[in-house]
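Comments concern the structure below.
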Amino acid sequence: MRRVYAIRTLRYVFSGITASCLLLLLTLYGIGRQVWVARVFENAPADFGASLQFFISAFSHTDILVQALSLLALISLVYLARATARLLASSLTPVRV
């Protein structure tokens with residue numbers, strides 16, 4: 001019976017949400033090691049339209065490693081948002097008896 005409990009616990013530990021959170025944290029750490037993020041935000045303009053162009057230009061002029069880490073972070077963030085929305089939707093639906 002201990003094996004069943006261990007497998008059930010491991011199922012929650014290695015779920016998609018947990019893996020996505022871990023991936024997001026690792027990619028953000030990797031980006032932080034490669035790029036001085038505070039300086040990027042200091043150099044960003046205050047105008048939204050110019051800011052969008054600035055971030056596109058900054059992304060395109062970085063190393064391939066930073067671009068890959070940024071895309072992985074975005075993918076894991078989108079997965080977390082989708083999983084959170086699905087969990088909230090399933091918890092808000094009324095249960096029919």
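The values are calculated or read from the model by the stated rules, or taken from the named source; none is laboratory data. Just so it is clear, the structure is predicted and the values come from calculations on it, not from any experiment. Glycine gets a Cβ as well: all are built from the backbone with ideal geometry, and neighbour counts include every protein chain shown.
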Practice problem: Taking Thr62 as meeting all but one of (1) in contact with a Gly (Cβ under 8 Å, 6 or more places away or on another chain); (2) assigned to a loop (DSSP other than H, G, I, E, B), write down the number of the exception. | Solution: (1)
Quiz item: Here is a list of conditions, (1) more than 20 Å from the chain's Cα centre (by Cα); (2) at pLDDT below 90; (3) in a helix (DSSP H, G or I), and Ala46 meets all of them except one; can you say which number that is?
Solution: (3)
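Output yes when any residue across segment 62-70 is loosely packed, with under 10 Cβ neighbours inside 10 Å and either among the acidic types (Asp, Glu) or modelled with pLDDT of 85 or more (or both), and no when none is.
First pass over segment 62-70, keeping only residues loosely packed, with under 10 Cβ neighbours inside 10 Å: 64.
Of the ones still in play, those that are also either among the acidic types (Asp, Glu) or modelled with pLDDT of 85 or more (or both) are 64.
Yes, the conditions are met somewhere in segment 62-70.
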Self-check item: From Ile75, Ile56, residue being assigned to a helix (DSSP H, G or I), modelled with pLDDT of 95 or more and not acidic (Asp, Glu)
Solution: Ile75
Exercise. Test Gln67 against the stated conditions and say whether it is over 27 Å from Tyr79 (Cβ atoms) and assigned to a helix (DSSP H, G or I).
Key: no
Quiz prompt | Residues satisfying the stated conditions in segment 1-37, i.e. small (Gly, Ala, Ser), at pLDDT below 90 and in a helix (DSSP H, G or I) | solution = Ala6, Gly16, Ala19
